[in-house]
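Single-structure report; data block below.
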Amino acid sequence: MPIPRFRQALSAPGLLKEVRTCFARVEDGVASRGLNLTECLMSGLAIFGMKYPSLLQFDRDSRGDGTVGANLRSLYGVARAPSDTALRERLDEVDPRALRRAFTRLFHVLQRGGGLEGFTTLDGHYLLSVDGTGYFSSSRVHCASCCEKHHRDGRTTYYHQMLGAVVVHPKQREVFVLAPEPIVKGDGATKNDCERTAAKRLLSDVRREHPHLKLIVVEDSLASNGPHIQGLKRLGLRFILGAKRGDHAFLYDWVDATPGVETVEVTDEAGVRHWFRYLNGVPLNDTHFELEVNFLEYWERRPNGKEQHFAWVTDLPIKESTVMELMRAGRARWRIENETFNTLKNQGYSFEHNFGHGEKQLSTVFAYLMMLAFLIDQIQQRCCRVFQHAQAKAGRARYFWEKVRGLFLHYRLPDWETLYRALAFGYRAPEPVPFDTS
Ligand SMILES: [Zn+2]
């Protein structure tokens, strides 16, 4: 098998170098007590990069026989890993917004390196799927930024949610997260934050950080309301938003009552029947009568008889030649559920595990670092052929990360290329177990 070239910029060393530069600019508010904040942030990233199940495990390993300490130096540039307590204390003080820059930098590196080729659709746009998910809930553990649910019987549930924004494509396996937006209680706020206000903050940050990016925002039916659509238009963001009949009686009545609504029927090579009806320039509802949207409704019937139904409102013109692409773009919204949150929760990243809650920002900072580790992995999966070979050799994703952590624990690794090449092309195990008799 020909040995592929290792693309430094689009593999772990180059990506971590970019992130480190961003971390070095994060304001260090606390007297350092010999611990440098960049090292703490890089250690946090290493925990999620190596898919560690707990901070305690990481603490023990980095203080073990020297192998993990040496690997943290060679792979993550961490000279001395902080203890788990020190790490929690320092990261609790970090403003999560200061970590946004790392996501933006990595996205630019990915774009410049050609990693986003094949990700455009509908006249050169990228699809940005936006949705929220819960990752922490407790009746006991809480911090200053927890949202609170007060039950009738006097109990309180504390929780954190995160609004994610992910660049997706119907035909591509990878997804690329932009900086997420925490749904938390702000400083001194008495009311809980909600997904809708978080979306407002997230989308204006996205526009500020990527002013020229051609984006179509895809969201579920909760987003197809007047104020949100007006906000999207103000930011120059195109949209494809779910539109359920139950939420849009006025819109559906309007379409039903309009004579000559266009329909399209296509049966593809796999025998799947696609049936569309659409109408451009429909008033969204009574209250926002002046706000016109284009309406697309779709039924799919598979040869086994299984049927599905979807409907969207969009500002993209609907024509016979674009209905299939619009439908695929609208359905790509699910990739934030299936390929992002699900992977983070069930494929080694332990998104719902409580690594430490802290008193201020720790929970959010850990969530950011985990998403950053996920972005680095997805870029490598897309762009680094050595990484791809290593992954293919391991088979399942979870097994791949077990193998990565196994090597990280037991072998001194001079660099990332050695780690991935060992996994891709095999390595000799030391036999027998070399006992330490000193
Ligand atoms: Zn909290």
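Looking at 122, 87 in this structure, which one is among the hydrophobic types (A, V, I, L, M, F, W, C), at negative phi and touching a Leu at 6+ places or on another chain (Cβ under 9 Å)?
87
Note down all Cβ pairs under 6 Å where the first residue falls in the stretch 106-125 and is over 13 Å from residue 384 (Cα atoms) and modelled with pLDDT of 95 or more, the second is crowded, with 19+ Cβ neighbours inside 10 Å and of a type in the set (Val, Ile, Thr), and they're at least six residues apart or on different chains.
Listed by first residue and then by second, the contacts come to 125/216.
Output yes when any residue across the stretch 409-424 is of a type in the set (S, T, N, Q) and in a helix (DSSP H, G or I), and no when none is.
yes
Within the stretch 70-92, can you find the residues that are surrounded by fewer than 18 Cβ atoms within 10 Å (Cβ to Cβ) and either farther than 28 Å from residue 436 by Cβ or of a type outside the set (D, E, K, R) (or both)?
70, 74, 77, 79, 83, 85, 86
Would a scan of the stretch 181-191 turn up a residue that is away from the ligand (no atom under 16 Å from the Cβ), surrounded by 14 or more Cβ atoms within 10 Å (Cβ to Cβ), modelled with pLDDT of 95 or more and under 22 Å from residue 19 (Cβ atoms)?
There is no residue in the stretch 181-191 that is away from the ligand (no atom under 16 Å from the Cβ), surrounded by 14 or more Cβ atoms within 10 Å (Cβ to Cβ), modelled with pLDDT of 95 or more and under 22 Å from residue 19 (Cβ atoms).
Given the criteria surrounded by 15 or more Cβ atoms within 10 Å (Cβ to Cβ), assigned to a loop (DSSP other than H, G, I, E, B), within 12 Å of the ligand (Cβ to nearest atom) and not aliphatic (A, V, I, L, M), does residue 160 qualify?
So residue 160 fails the test.
When you look at residue 373, is it surrounded by 19 or more Cβ atoms within 10 Å (Cβ to Cβ) and in contact (Cβ under 8 Å) with a residue 12 or more places away in the chain, yes or no?
Against the criterion (surrounded by 19 or more Cβ atoms within 10 Å (Cβ to Cβ) and in contact (Cβ under 8 Å) with a residue 12 or more places away in the chain), residue 373 qualifies.
Please go through the stretch 372-402 and give me each residue that is out of contact with any strand residue (DSSP E or B) (no Cβ under 9 Å at 6 or more places or on another chain) and either among the basic types (Lys, Arg) or not assigned by TED's automatic domain parsing to the domain that holds residue 43 (or both), ordered by number.
Across the stretch 372-402, the qualifying residues are 385, 393, 396, 398.
Of all residues being within 23 Å of the chain's Cα centre (by Cα) and surrounded by fewer than 22 Cβ atoms within 10 Å (Cβ to Cβ) in the stretch 136-146, which is nearest to residue 201 (Cα to Cα)? Just the residue, please.
Once the filter is applied, the top-ranked residue is 146.
Enumerate the helices (runs of 4 or more DSSP H) found wholly within the stretch 45-155, keeping only those where 2 or more residues are within 16 Å of the ligand (Cβ to nearest atom).
84-92
State whether the residues of the stretch 124-132 include one that is over 21 Å from residue 47 (Cα atoms) and either surrounded by fewer than 14 Cβ atoms within 10 Å (Cβ to Cβ) or assigned by TED's automatic domain parsing to the domain that holds residue 46 (or both).
There is at least one residue in the stretch 124-132 that is over 21 Å from residue 47 (Cα atoms) and either surrounded by fewer than 14 Cβ atoms within 10 Å (Cβ to Cβ) or assigned by TED's automatic domain parsing to the domain that holds residue 46 (or both).
Enumerate the helices (runs of 4 or more DSSP H) found wholly within the stretch 222-335, keeping only those where 3 or more residues are out of contact with any strand residue (DSSP E or B) (no Cβ under 7 Å at 6 or more places or on another chain), within 27 Å of residue 206 (Cβ to Cβ) and not assigned by TED's automatic domain parsing to the domain that holds residue 122.
Ranges flagged: none.
Among what's in the stretch 336-371 and is within 16 Å of the ligand (Cβ to nearest atom) and touching a strand residue (DSSP E or B) at 6+ places or on another chain (Cβ under 7 Å), pick the residue that is farthest from residue 177 (Cα to Cα).
354
The values are calculated or read from the model by the stated rules, or taken from the named source; none is laboratory data. Here the structure is a predicted model, which means the values were calculated and not measured. Reconstructed Cβ throughout: ideal geometry from the backbone, glycine too, with neighbour counts over all protein chains shown.
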